[in-house]
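The values are calculated or read from the model by the stated rules, or taken from the named source; none is laboratory data. All of these numbers come straight from a predicted model, not from anything done at the bench. Virtual Cβ from ideal backbone geometry, glycine too; neighbours counted across all protein chains shown.
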Amino acid sequence: MNKLDLNGRVAIVTGGARGIGYATAARMLASGATVALWDIDAARLDEAAGALAASGTVSTHVVELTDEACVTATTQATAQAHGKIDILVNNAGITGGNGRLWELDTATWRRVVDVNLVGPFLACKAVVPHLLRNGWGRIVNVASIAGKEGNANASHYSASKAGLIGLTKSLGKELATSNILVNAITPAAAKTEIFSQMKQEHIDFMLSKIPMNRFLQVEEVAALIGWLSSEDCAFTTGAVFDISGGRAVY
Ligand SMILES: NC(=O)c1ccc[n+]([C@@H]2O[C@H](COP(=O)([O-])OP(=O)(O)OC[C@H]3O[C@@H](n4cnc5c(N)ncnc54)[C@H](O)[C@@H]3O)[C@@H](O)[C@H]2O)c1
């Protein structure tokens, strides 16, 4: 593992109780950051905090990311607990299952957009004023290759992630002279518990599209998020970083 310098930084990782968010928290702690894990799952948050406690300072916050009042209160609680906020990783997400657009339930479609796109909007809205006061900040939005290409049988998920890419480009420009960089990443499939929300044929389809012919490891995503959260990432904002094992050529 290469050394990243996140010493003295305070990072929020949404969806940090498991999967990519948990791996990101572990990598950030190993790099010297203090980490606030935000998640809707209280039991898994406790488990994660217990497992990470020996690696550094971790706080846990039960939050429903689609609820603006809850996100605002959790932002205040995080800033109070750690004195400031430097980094926001918008990682929490859901797939909403698989099916052709005209077969998908409308409430499910809306929920996917709510969690995957409105959630990051609310988190950015609450956290950006803290970063502006700081005079430094990094925001990393976890989108998906599905947002770039549009996966069949995942129109809700693909549209929500494409929206998150658009949000990243806009906010990156709005903050470009503020020392706050906003970037997105577009991973291909990583074998986490999110797979339980998808049909096996969809998982097989995703693997078949990856030239490296394997799934992404969560530690590999965490490394990219860690670097994008650091001072070493200095002249890139509003950008989209591919991590798809060769699937995307742009
Ligand atoms: N695993 C993959 O194949 C893959 C590929 C591309 C992008 N992604 C994206 O990476 C991110 C993390 O995925 P993962 O594979 O670690 O998934 P995961 O299901 O293992 O973890 C997601 C976490 O988000 C939390 N969460 C969900 N809804 C929430 C809400 N409303 N409020 C607060 N927390 C909520 C869950 O409790 C969970 O801990 C997601 O945005 C996902 O879309 C994943």
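Residue pairs whose Cβ atoms lie under 9 Å apart, sitting 6 or more positions apart in sequence or on different chains, and linking a residue in the stretch 44-71 that is farther than 11 Å from Ala25 by Cα and away from the ligand (no atom under 12 Å from the Cβ) to a partner that is of a type in the set (Lys, Arg) and modelled with pLDDT of 95 or more, are Glu68/Lys125. Has the stretch 163-173 got at least one residue that is in contact (Cβ under 8 Å) with a residue 12 or more places away in the chain, surrounded by 19 or more Cβ atoms within 10 Å (Cβ to Cβ) and farther than 26 Å from Gly97 by Cβ? For the stretch 163-173, residues in contact (Cβ under 8 Å) with a residue 12 or more places away in the chain, surrounded by 19 or more Cβ atoms within 10 Å (Cβ to Cβ) and farther than 26 Å from Gly97 by Cβ: present. Every condition in (1) more than 16 Å from Leu88 (Cβ to Cβ); (2) within 12 Å of the ligand (Cβ to nearest atom); (3) in contact (Cβ under 8 Å) with a residue 60 or more places away in the chain holds for Phe195 except the one numbered (3). Any residue that is of a type in the set (S, T, N, Q) and within 26 Å of Ile165 (Cα to Cα) - is there at least one of those in the stretch 41-63? Looking through the stretch 41-63, none of the residues is of a type in the set (S, T, N, Q) and within 26 Å of Ile165 (Cα to Cα). Among the candidates Lys161, Lys169, the residue that is closer than 21 Å to Val13 by Cβ, at pLDDT 95 or above and either more than 15 Å from the ligand (Cβ to nearest atom) or out of contact with any Cys (no Cβ under 8 Å at 6 or more places or on another chain) (or both) is uniquely Lys161.
Per-residue answers, yes or no, for (1) in a loop (DSSP other than H, G, I, E, B); (2) surrounded by fewer than 19 Cβ atoms within 10 Å (Cβ to Cβ):
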| position | (1), (2) |
| --- | --- |
| Ile20 | no, no |
| Val35 | no, no |
| Ala48 | no, no |
| Ala54 | no, yes |
| Thr78 | no, no |
| Gly93 | yes, no |
| Gly97 | yes, yes |
| Trp102 | no, yes |
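Return yes or no: is Arg138 in contact with a strand residue (DSSP E or B) (Cβ under 8 Å, 6 or more places away or on another chain), of a type in the set (D, E, K, R) and within 30 Å of Asn179 (Cβ to Cβ)? Against the criterion (in contact with a strand residue (DSSP E or B) (Cβ under 8 Å, 6 or more places away or on another chain), of a type in the set (D, E, K, R) and within 30 Å of Asn179 (Cβ to Cβ)), Arg138 qualifies. Filtering the stretch 225-246 for residues that are of a type in the set (A, V, I, L, M, F, W, C), in contact with a helix residue (DSSP H, G or I) (Cβ under 6 Å, 6 or more places away or on another chain), buried (at least 20 other Cβ atoms within 10 Å of the Cβ) and part of a helix (DSSP H, G or I) leaves a non-empty set.
For Asn183, the conditions (1) away from the ligand (no atom under 14 Å from the Cβ); (2) over 14 Å from Asn90 (Cβ atoms); (3) outside any loop (DSSP other than H, G, I, E, B) are fulfilled apart from (2).
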